[in-house]
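The values are calculated or read from the model by the stated rules, or taken from the named source; none is laboratory data. Just so we're clear, the structure is a prediction, and the values are computed from it rather than from any experiment. Here the Cβ positions follow ideal geometry from the backbone for every residue, glycine too, while neighbour counts run over all protein chains shown. These accessible areas exclude ligands, DNA and RNA; they are computed on the full protein's heavy atoms, side chains included. Shrake-Rupley method; radii C 1.70, N 1.55, O 1.52, S 1.80 Å.
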Amino acid sequence: MRPLHVLLLNEYFPPDTAATAKNAALVADAIAERHYVTVLAGRPSYDPTERHPAYLWRRERQGNLTIERVGSTAFSRFRMKGRIANYLSYVALAIPRALSMRPDVILAMTDPPIEGIVGASIAKLLGRPFVYNLRDLYPDMALAGGILHSGSWTDAWETLHRKALRYAARVIVLGEDMRERILEKGVDPARIVVVRDAVPFPEIPPAVDEAVVREIRGGFRFVIIHAGNLGFYGAWHTLIRAAQMLERDGMGLVFIGEGAMKPQVQQAAQGCPNVMFLPFRPACDIPSVMAAGDLHVITIKRGLEGVVVPSKMYNILAAGRPLLAVTTEKAEVARWAERWGCGIAADPDDAEAVAKSVRSVLGAPERLEHIGFQARKLAKTYDRLNELRKFVDVIEEAASG
């Protein structure tokens, strides 16, 4: 096959630190090994490691990879008005720039949340194949998470989104639960491909910093860690109530990270001496964060299964750490916990069930060790390099029709 020119649309790209920015960089680098890639992004605005001054347009070239940035606004993402301004200014500037190009394939991710609709429209106008990489499912997530209320404009958003999904030559999803969601929207099953956010599998577990481990554990006998974004999708109040029930058992619940719901979670945890909040740790501390937890929690509220698929699951599995899945059986992580024995699961609406599940392993180190072994065994079947190769194959299949 001749080298293709792939146009990747996503507002966030490094130095943005959003998960989609990091994933877009991985995907772009993987595609650029065989083809030419142009990333069309905005000015860095998602907790970037560096800020850019105002400009209308900017280009960077790195071998087969070209990064173009339109001069969108760069307000703080913590204010919704600023974030919407960033979204709209990016879309307004990115569309005409994209239409001036002649790519072979259009690849869109989900930042901003209407990016799939934008990508499908550009692909249709240019007469090019469209590949849609779903990271989060909108407007489903905004509605189920209570961010938006159902109305005529959300109905219109859903209608346009379904058209974009059906127009796509391929829809790349993060797991089987998300695949099931897309099937419900009437998309041809043959066009849906699961490509997971796997991580490199270390044959030899990396060294940990014992000082960092002690700091995170905070002196608790048994520690449950939630490391990652405190967003709208988690059953946070259920977790807090379960922690209160487990205080006398010497259990500590440690949140590491930030997120839109953090103030509400902190308020709910007031007066709970066994609940701690710590800031994000640098990437070099990930092995220590993994080692610090007896259980690592992944929580998805009822109704959001497959709408959001937490990628941190693969870091936990690769580290050989037991999972605590606070979600329903509709979520793939809960199915894996039961099917592969890599964790325990509990109802996201039942704090007593969560506490009971935790108590089942509190005094069972051999069981925890076995669960960790099963987690690492499962992780070995999902290697990042293989998943990225699959992603590139999907792009080539879409281009060849």
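Looking at the stretch 76-133, what % of the alpha carbon pairs are farther apart than 17 Å? Could the numbers behind the result be given before it?
Working: 630 of 1653 pairs.
Cα-Cα pairs in the stretch 76-133 separated by more than 17 Å: 38 percent.
In the stretch 253-322, what percent of the accessible surface is made up of carbon and sulfur (1.4 Å probe, ligands and nucleic acids excluded)?
56
How tilted is helix 19-32 with respect to the longest principal axis of the chain? Cα atoms for both, answer in degrees (0 to 90, nearest 10).
Rounded to the nearest ten degrees, it is 50.
P(r) for the stretch 262-401, please, calculated from all Cα pair distances in 10 Å bins and given in %.
Spelled out bin by bin, the stretch 262-401 gives 11, 33, 36, 14, 5, 1, 0 percent.
Please compute the volume of the convex hull spanned by the alpha-carbon atoms of the stretch 134-189 and report it per residue in Å³. Write down the numbers at each step before the final one.
Values: hull volume 4.3 nm³, N = 56.
Spelled out: Cα convex hull of the stretch 134-189, divided by residues, is 77 Å³.
Can you figure out the FRET efficiency of Leu362 with Glu247, using R₀ = 22 Å and their beta-carbon distance, to the nearest 0.05?
About 0.95, to the nearest 0.05.
Let's test this: bin the Cα-Cα distances of the chain at 10 Å from zero up to the farthest pair and state each bin's percent.
Here the calculated profile for the chain is 5, 22, 31, 25, 13, 3, 0.
Pick out, from Phe13, Val105, Gly231, the residue whose Cα sits farthest towards the positive end of the charge dipole of the chain, with +1 on the Cβ of Lys and Arg and -1 on the Cβ of Asp and Glu.
Val105
Got a number for carbon plus sulfur as a percent of the stretch 60-131's accessible area, 1.4 Å probe?
Values: 1840 of 3070 Å².
Solvent-exposed carbon and sulfur of the stretch 60-131 make up 60 percent of the total.
Please arrange Cys284, Cys342 by accessible surface area, largest first, computed with a 1.4 Å probe and ligands excluded.
Largest accessible area first, the list is Cys284, Cys342.
Would you kindly state how much longer the chain becomes between Lys124 and Ile147 on full extension, computed as 0.36 nm times their sequence separation minus their alpha carbon distance, in nm to one decimal? Provide the component values of the computation, followed by the final result.
On the way: separation 23, 0.36 × 23 = 8.28 nm, distance 3.05 nm.
Computed gain between Lys124 and Ile147 is 5.2 nm.
Return an integer: the convex hull volume of the alpha-carbon atoms of the stretch 67-167, in Å³ per residue.
So the per-residue Cα hull volume is 111 Å³.
Normalised by the empirical 2.2 N^0.38 Å for globular proteins, what value does the Cα Rg of the stretch 278-358 take?
Numbers: Rg = 12.7 Å, N = 81, 2.2 N^0.38 = 11.7 Å.
Rg over 2.2 N^0.38 Å, computed on Cα atoms: 1.09.
With every atom except the alpha carbons ignored, what do you get for Rg and Dmax of the stretch 180-262, in angstroms?
Every Cα atom of the stretch 180-262 included, Rg and Dmax give 18.7, 52 Å.
Only four residue types carry charge here, +1 at the Cβ of Lys and Arg and -1 at the Cβ of Asp and Glu. Report the dipole size of the chain about the Cα centre in Debye, rounded to the nearest 20.
820
Compactness ratio of the stretch 317-397: Cα Rg over 2.2 N^0.38 Å, N = residue count?
1.32
Can you tell me the FRET efficiency between Asp350 and Lys330 if r is taken as the Cβ-Cβ distance and R0 is 22 Å, rounded to the nearest 0.05?
Working: r = 15 Å, r/R0 = 0.70.
Given R0 = 22 Å and the Cβ-Cβ separation, E is 0.90.
Does anyone have the angle between helix 80-99 and the longest principal axis of the chain? Alpha-carbon axes, 0 to 90°, nearest 10?
40
How far apart, in nm, are the 7 Å Cα→Cβ label points at Glu338 and Glu176?
So the two model labels end up 1.2 nm from each other.
Can you give the accessible area per residue of the chain, in Å², using a 1.4 Å probe? Could you put the intermediate results ahead of the total?
Details: 17460 Å² over 401 residues.
Normalised by residue count, the accessible surface of the chain is 44 Å².
May I ask you to order 266-277, 317-328, 390-401 by the average number of other C-beta atoms within 10 Å around their residues, highest value first?
In decreasing order of mean packing, 266-277, 317-328, 390-401 become 317-328, 390-401, 266-277.
Suppose each label sits 7 Å from its Cα in the direction of the beta carbon; what would the Asp393-Lys380 distance come out to in nanometres?
2.2
Mind listing P(r) for the stretch 225-300? All alpha-carbon pairs, 5 Å bins, whole percents.
3, 16, 29, 26, 18, 7, 1
How much FRET efficiency would the formula 1/(1 + (r/R0)^6) give for Lys163 and Leu99, where r is the Cβ-Cβ distance and R0 is 22 Å, rounded to 0.05? Show your work: numbers first, answer last.
Working: r = 19 Å, r/R0 = 0.85.
About 0.70, to the nearest 0.05.
Using 0.36 nm times the number of residues separating Ala54 and Ser400, minus their current alpha carbon distance, what extension gain do you get? The partial results should precede the final answer.
Details: separation 346, 0.36 × 346 = 124.56 nm, distance 3.95 nm.
The Ala54-Ser400 span can extend by a further 120.6 nm.
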